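The values are calculated or read from the model by the stated rules, or taken from the named source; none is laboratory data. It should be emphasised that the depicted structure is a prediction, and the values quoted were computed from it without experimental measurement. A quick note on method: Cβ atoms are made from the backbone with ideal geometry, for glycine too, and the neighbour counts reach across all protein chains shown.
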Amino acid sequence: GAVVSQHPSWVICKSGTSVKIECRSLDFQATTMFWYRQFPKQSLMLMATSNEGSKATYEQGVEKDKFLINHASLTLSTLTVTSAHPEDSSFYICSVAPSTSGVYEQYFGPGTRLTVT
Amino acid sequence: QKEVEQDPGPLSVPEGAIVSLNCTYSNSAFQYFMWYRQYSRKGPELLMYTYSSGNKEDGRFTAQVDKSSKYISLFIRDSQPSDSATYLCAMRGADKLIFGTGTRLQVFP
């Protein structure tokens with residue numbers, strides 16, 4: 001499998017501020033990373049696909065200007081929640097897919113819990 | 001209709017029981033099927049994946065796919081309290097994974 005880290009694991013911020021979450025692929029170079037959001041007792045909701053060196057691909061209904069994704073290197077993707085509001089409070093998880101052919105299995109980071117007050 | 005349906009549970013079983021977790025899907029084009037385990041407040045962990053129909057076994061876990069019925073299962077033998085988690089099925093779509101809602105499993109001593 002692949003090892004993925006996220007930082008921070010937990011963050012509290014005030015409404016109106018911005019928060020940056022980092023996702024790192026520790027043991028291979030990831031041209032593609034994924035960002036998910038998960039509300040309590042709900043499944044994973046794909047927010048966007050992060051592509052190294054190019055713009056992210058956002059899922060329908062996800063505001064690209066609010067959730068800024070930067071995949072500047074093959075081991076790092078960042079998600080910035082801009083002008084955060086309480087409804088943005090959620091569990092954000094990134095993943096990597098070592099191969100985009102075949103199974104296309106993904107390996108997930110430990111997640112970041114965001115609380116907006 | 002959702003592409004992938006999964007009973008959210010919770011499913012509560014005694015230690016040592018055989019657990020059956022299931023998902024149904026609507027897209028007959030799906031060929032790759034995965035099971036993830038997610039502990040509370042953690043990221044999902046890949047348990048197993050299978051291709052097309054058939055069974056795959058890994059220790060106490062067996063994954064089964066019935067493409068004719070569009071039905072997949074994960075069996076856990078000799079369940080342990082440490083198996084208590086949410087189990088999500090996932091299937092490969094065109095360029096992403098499609099996840100079920102997850103089934104919460106609790107194994108009590």
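Taking residues in the stretch A:67-92 that are touching a residue at least 60 places away in the same chain (Cβ under 8 Å) and on the phi > 0 side of the Ramachandran plot, and partners anywhere that are surrounded by fewer than 19 Cβ atoms within 10 Å (Cβ to Cβ) and of a type outside the set (Phe, Trp, Tyr), the pairs with Cβ atoms closer than 6 Å and at least 6 places apart or on different chains are A:Ser83/A:Gly16.
Would you be able to say whether some residue in the stretch A:82-91 is in a strand (DSSP E or B), under 19 Å from A:His7 (Cα atoms) and at pLDDT below 95? Explain how you work it out, then say what you get.
Pass one, the stretch A:82-91, residues in a strand (DSSP E or B): A:90-91.
Filter again for under 19 Å from A:His7 (Cα atoms), leaving A:90-91.
From what's left, at pLDDT below 95: none.
No; the residues of the stretch A:82-91 include none that is in a strand (DSSP E or B), under 19 Å from A:His7 (Cα atoms) and at pLDDT below 95.
Name the strands (runs of 3 or more DSSP E) wholly within the stretch B:57-106 that hold at least 3 residues that are more than 14 Å from chain A (Cβ to nearest Cβ) and at negative phi? It would help to see each step written out before you state the result.
Numbers: elements: B:61-66, B:71-76, B:85-92, B:97-99.
Output list reads B:61-66, B:71-76.
Would you call A:Leu114 among the aliphatic types (A, V, I, L, M) and either surrounded by fewer than 16 Cβ atoms within 10 Å (Cβ to Cβ) or modelled with pLDDT of 95 or more (or both)?
It is true that A:Leu114 is among the aliphatic types (A, V, I, L, M) and either surrounded by fewer than 16 Cβ atoms within 10 Å (Cβ to Cβ) or modelled with pLDDT of 95 or more (or both).
Residue by residue, here is whether (1) over 26 Å from A:Ser5 (Cβ atoms); (2) over 11 Å from the mean Cα position of the chain (by Cα) holds:
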position	(1), (2)
B:Asp7	yes, no
B:Glu15	yes, yes
B:Leu21	yes, no
B:Ala29	yes, yes
B:Met34	no, no
B:Pro81	yes, yes
B:Arg92	no, yes
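Residues that are among the hydrophobic types (A, V, I, L, M, F, W, C) and modelled with pLDDT of 95 or more within the stretch A:92-106 comprise A:Ile93, A:Cys94, listed in sequence order. Only one of the numbered conditions (1) away from chain B (no Cβ under 12 Å); (2) within 27 Å of B:Leu47 (Cβ to Cβ); (3) not in a strand (DSSP E or B) is violated by A:Pro98, and that is (1). Of everything listed in (1) under 18 Å from A:Glu87 (Cβ atoms); (2) in contact (Cβ under 8 Å) with a residue 24 or more places away in the chain, the single unmet condition for A:Ser25 is (1). Where strands (runs of 3 or more DSSP E) sit wholly within the stretch A:1-76, those with at least 3 residues that are aliphatic (A, V, I, L, M) and within 11 Å of chain B (Cβ to nearest Cβ) occupy A:44-51.
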